[in-house]
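Encoded as structure tokens, the structure appears first; notes follow it.
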Amino acid sequence: MSLTKNMSKFSGFALQVLRPTLGCVFLSKAIGRDKTAFTVMRERNHTLLHLTWFLSLPLFPIFLLQALLTKRKARKLPDASPPHSGVFGAKKVSFQLVGFGDSVIAGTGLSKAKQSLTAKIGQAVQKKTGQSVKWLSKGTNGDKLSDLLARVDDIASAGNNLIVVSVGVNDVTRLTSIREWRKNLGVLINILRSRCDRLVFVGLPSMETFPLLPFPLCWFLGVRAAMLNFWLERETEIFSDVFHFDYQGNPTPSDMAADGYHPSESACENFAKIIVDFLELD
């Protein structure tokens, strides 16, 4: 009985401490900011971000219950239909593009693989440079970072001009430790750098904005995603040929697939343009 009372008191204390952060989340949604509260915290004060995470742990039973209920009612969408490769342009292929990662690369929620992020990047490269682009998607729904390491040999050892990696959301939901996340990132980066000219990591999304996720579960996952994103940015910024791109902010309904969890075709297209424009490809 005393244990229950103590947990209740500590949970109440945690909620009081975290109230300003919760207010920032709702305010950022209400006024349509380009960056959510957790993104701002990641960029300006990651210590506060980590403190917010630890203070939320007493509420974990609530988050777990919400996660189980959400998973039960969530709409299960298939991956994009093949082919998961192709060529944009009529000339001899001069640009090799590979997408590697989780459901974003697999095109979950999209009807065709040509609507996925990898294909949209290929289209954007072809349009901007005039080169003929061969693209290939190697995505598996549900993959964590450790899963990518297990199948990294799916990626050709040479000849790739650009590799785009999407990973992290499943590490958030399965509570991969920060130590494991950083260790595996370092290994994957070193392997993939040796297999391409440029390497791009897609930043973790602001999960607190996902329509599927109820409050406060969305907030809990949003904090964790921002933490992993912080270390992803740190691990990539030391290399001149490795890039980290964020797609942060509050998504519109058109940015999400029908499940309220995965990106839509228009979101993939918009993000692809941002990536290609930043890379300044010739």
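The fewest-to-most ranking of TRP219, TRP135 by surrounding Cβ atoms within 10 Å reads TRP219, TRP135.
Once a ≥ b ≥ c are taken as the square roots of the eigenvalues of the Cα gyration tensor of the range 112-265, is the result rounded (a/c under 1.5), prolate (a/b larger than b/c) or oblate (a/b not larger than b/c)? List each step's numbers first, then the result.
Numbers: a/c = 1.87, a/b = 1.23, b/c = 1.53.
Oblate is the answer for the range 112-265, as a/c is 1.5 or above yet b/c matches or exceeds a/b.
You can think of it this way: the chain between SER157 and SER81 has 24.7 nm of extra reach, that is 0.36 nm per residue less the Cα-Cα gap. Is the range 98-144 best put as rounded, prolate or oblate by its Cα gyration tensor, with a ≥ b ≥ c the root eigenvalues, rounded for a/c under 1.5, and otherwise prolate when a/b is larger than b/c, oblate when not? Prolate, since a/c reaches 1.5 and a/b exceeds b/c.
Using a ≥ b ≥ c from the Cα gyration tensor of the range 201-282 (square roots of the eigenvalues), is it rounded, prolate or oblate, where a/c under 1.5 gives rounded and otherwise the larger of a/b and b/c decides, a/b for prolate? Present the calculation step by step, with values, prior to reporting the outcome.
On the way: a/c = 3.63, a/b = 1.33, b/c = 2.73.
In terms of gyration-tensor shape, oblate.
Projecting label points 7 angstrom from Cα along Cα→Cβ for ARG72 and PHE215 puts them 2.4 nm apart.
Values quoted throughout were computed directly from the atomic coordinates according to the rules given, and no laboratory measurement underlies them. On a predicted model such as this, the values are computed, not experimentally measured, just so you know. For neighbour counting, all protein chains shown are included, and Cβ atoms are generated from backbone atoms with ideal geometry for every residue, glycine included.
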